[in-house]
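A short write-up of the structure that comes next.
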Amino acid sequence: MDGYVVPELAKKSTQYDMIQKHTDLPSFPYSRSRLLYIFLNKHSTSTSDKISELYTLVTSLIQMGMDTHDLVDVGEEQVEMKKMRTRQLRVLAGDYFSSKFYHLLSQAGQIDTIHSLSQAISEVNRLKINLYMKMEKFKLSAEDYFQHCIDIKSQLYLIFANYMDEMLQKQWPDILVSITKCELITEEIDKMNQNQIKDLKGSWAYWYILKQATSEEKEMLKKDSCDTSLIQSVLLKYNIKVKLHQMLENQWKDVSEKVNNIKNENIKKELEKIGKPFMSYLSASKV
């Protein structure tokens, strides 16, 4: 144990038998959350250890709540009982995780932080709607898609710049965005590593291929469902896995350069810990 206990604290709110039995939950937002904790805890003049832990915990729970809601499949009106139970539990679980931040912050008397996070949640929802509208109209490039996702995933964490000292305030947004992009790329790699990919919608690969694809491929990609073997052949044709690993390697180099500009050696060491999972993806790609 290295002193970072927030993921374990979050489990007290997320690990319920009913939820685990009937539905999967999104992953804990480890990289962004640990990054927030590092900047608030050891290197800020305005927050104590316990308050830094609290801010990181409630932000992580809100993020998990919103990510859980994103898993809800609203496309099918008539579904079997098992799928209906999964859908209902995801809605309830997402609501519950999100509501915990009110309770925890109000107990600690952090009313201003409740207000700031509530505004951030509203902005995240606005950004999501904007993205969905562009997706519906096919008005996105792969780069646009990634940028929208970065904005959505970093929004909650950006507000905490005001809780940091002046030097960290300047560095925080840039490093947060860079780490968030690494996280997104690894999520994309995980999607591509799944044995059964039913469709590519909601992925960088979808928008990248759509721009390069033949007319027949575009028609296939725009369908609600598609043969898994066809999807795999398209992924292979456009070399998607290799491109994602190249993107991750370049992005981590960018993060490393930004980290080198930080004068605090403790932050550098902590950021190296955050980078280990990303480096493992790169190592695996070279085996």
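Just give me the residues in region 234-277 being of a type outside the set (Val, Ile, Thr), at negative phi and not in a helix (DSSP H, G or I), in sequence order. Give the derivation first.
Pass one, region 234-277, residues of a type outside the set (Val, Ile, Thr): 235-239, 241, 243-254, 256-258, 260-261, 263-266, 268-273, 275-277.
Going one step further and asking which of them are at negative phi, we end up with 235-238, 241, 243-254, 256-258, 260-261, 263-266, 268-273, 275-277.
If the condition is that a residue be of a type outside the set (Val, Ile, Thr), at negative phi and not in a helix (DSSP H, G or I), then Tyr238, Asn261, Lys263, Asn264 are the ones that fit.
Just a yes or no: is a residue in region 243-257 touching a Leu at 6+ places or on another chain (Cβ under 9 Å) and farther than 18 Å from Ser31 by Cβ? No, every residue in region 243-257 fails to be touching a Leu at 6+ places or on another chain (Cβ under 9 Å) and farther than 18 Å from Ser31 by Cβ. All of (1) open to solvent by 20 Å² or more (accessible area, probe 1.4 Å); (2) in contact with a helix residue (DSSP H, G or I) (Cβ under 9 Å, 6 or more places away or on another chain); (3) farther than 23 Å from Leu184 by Cβ; (4) modelled with pLDDT of 90 or more hold for Tyr30 with one exception: (3).
Of the residues making up region 153-178, those that are among the charged types (D, E, K, R) and open to solvent by 50 Å² or more (accessible area, probe 1.4 Å) are Glu166, Lys170, Asp174.
Per this entry, Ser280 is not counted among residues that are small (Gly, Ala, Ser), more than 15 Å from Asn193 (Cβ to Cβ) and assigned to a helix (DSSP H, G or I).
Screening Ile150 against (1) at pLDDT below 95; (2) open to solvent by less than 70 Å² (accessible area, probe 1.4 Å); (3) under 25 Å from Val58 (Cα atoms) leaves a single unmet condition, (1). What are the residues in region 225-240 that are under 15 Å from Ala142 (Cβ atoms) and not hydroxyl-bearing (Ser, Thr, Tyr), if any? Val234, Leu235, Asn239, Ile240, listed by residue number. Just one of (1) within 30 Å of Trp172 (Cβ to Cβ); (2) open to solvent by 80 Å² or more (accessible area, probe 1.4 Å) fails for Lys237. It is (1).
Is it fair to say Lys211 is open to solvent by 80 Å² or more (accessible area, probe 1.4 Å) and outside any helix (DSSP H, G or I)? In short, no. Of all the residues in region 200-241, those that are under 20 Å from the mean Cα position of the chain (by Cα) and at pLDDT below 85 number 3. Annotation note: Cβ proximity below 9 Å between a residue of region 128-146 that is more than 15 Å from Leu210 (Cα to Cα) and a residue that is open to solvent by 100 Å² or more (accessible area, probe 1.4 Å) and outside any helix (DSSP H, G or I) (sequence gap 6+ or interchain) occurs for Met133/Lys139.
The values are calculated or read from the model by the stated rules, or taken from the named source; none is laboratory data. Given the structure is predicted, the values throughout are model-derived calculations rather than measurements. Here the Cβ is made from the backbone with ideal geometry for all residues, glycine too, and neighbour counts use every protein chain on show. For the accessible areas, the whole protein counts, side chains as well, though only heavy atoms, and no ligand, DNA or RNA atoms are used. Shrake-Rupley method; radii C 1.70, N 1.55, O 1.52, S 1.80 Å.
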